[in-house]
Amino acid sequence: MAQVTSGLRAILSIPAIYELFENVVGARRCRAAFIRDHVRPEAGERVLDVGCGTAAILAHLPEVDYCGYDISKDYVEAAGRRFGGRGRFVASLLTEHSLAGEPPFDLVLAIGLLHHLADDEAVQLLGICRAAIAQHGRLVTLDPCFDSAQSAIARRIIAFDRGQNVRTLDAYRRLASHSFPRTRAQLRNDLLRIPYTHAVLECRA
Ligand SMILES: C[S@@+](CC[C@H](N)C(=O)[O-])C[C@H]1O[C@@H](n2cnc3c(N)ncnc32)[C@H](O)[C@@H]1O
């Protein structure tokens, strides 16, 4: 079973397979609802997308000044091929030095990222995000979430995720509280076609 799981995880690291899998489970609809209900971006905003993957979120954003960071070179190259001139795509870990000289961002997104990070890594990354955000700006995150009220099927599906640090809503909120005292945390059970629970954090600077 462990071999099957690691084989499936390796297959998902191929950008085209990852996008196909996402479309089957309803990721496009999920992103559209997430943007509409929680992000509410405005044209012209400066947007930093941490853990941007293939930058699929760009299909749901108005004309913004977009910068995406991801540690996967394959995903970042796929983002460049698909979205070329619509943004900058950087294959690198985001550090406090990465953004030196950059004007502040109106919006920072971390979609599906926090559950890949251990607590200390997540707290550090959230601190970097906080430093990158303009006074009026926001960080909005979306991650799979464990919840005592979710179905056994949702729990099983979420436990299969490649991210090894899926948390409860409260645990995600606690991570954010180190850098963002004003955080709105919400559970969503309706974003994908399959049984699934998401945590959304809206963090104000
Ligand atoms: C579940 S994917 C989400 C991708 C994209 N945000 C989306 O919505 O499709 C998580 C992404 O986080 C990236 N990642 C994991 N750890 C990271 C880190 N420390 N810094 C930047 N990216 C990271 C992975 O390479 C992967 O592309």
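Where Lys and Arg each count +1 and Asp and Glu each count -1, what net charge lies around ARG173 among other residues with Cβ under 12 Å from its Cβ? Walk me through the intermediate numbers first.
On the way: positive: ARG167, ARG174, ARG182, ARG184; negative: ASP143, ASP170, GLU202.
Overall, the nearby charge balance is +1.
Tell me the volume per residue, in Å³, of the convex hull enclosing the alpha carbons of the stretch 2-204.
On the way: hull volume 23.5 nm³, N = 203.
Cα-based convex hull of the stretch 2-204, divided per residue, equals 116 Å³.
Across all directions, the average flat footprint of the convex hull enclosing the Cα atoms of the stretch 58-108 is 3.9 nm².
Our helix-only sum for the chain, with -39,500 (n - 2.57) per DSSP H run of n ≥ 4 divided by its residues, gives a mean residue ellipticity at 222 nm of -10500 deg cm²/dmol. 3J(HN,Hα) along the stretch 28-42: 5, 5, 4, 5, 4, 5, 4, 5, 5, 8, 10, 8, 6, x, 10 Hz, from the Karplus curve 6.51 cos²θ - 1.76 cosθ + 1.60 with θ = phi - 60°, whole Hz, x for Gly and Pro.
How high is the relative contact order of the chain? Use alpha-carbon pairs under 8 Å, at least six apart in sequence, and give a whole percent.
Values: 372 pairs, mean separation 39.4, N = 205.
Result for the chain is 19 percent.
Backbone amide hydrogens, once placed in the peptide plane, bring THR168 within less than 5 Å of PHE146, excluding anything fewer than 5 places away on its chain.
Read-outs throughout are calculated quantities, based only on the coordinates presented, and are distinct from any laboratory measurement. For clarity, every value in this text was computed on a predicted model and none was experimentally measured. Ideal geometry is used to build each Cβ from the backbone, glycine not excepted, and the neighbour counts take in all protein chains shown.
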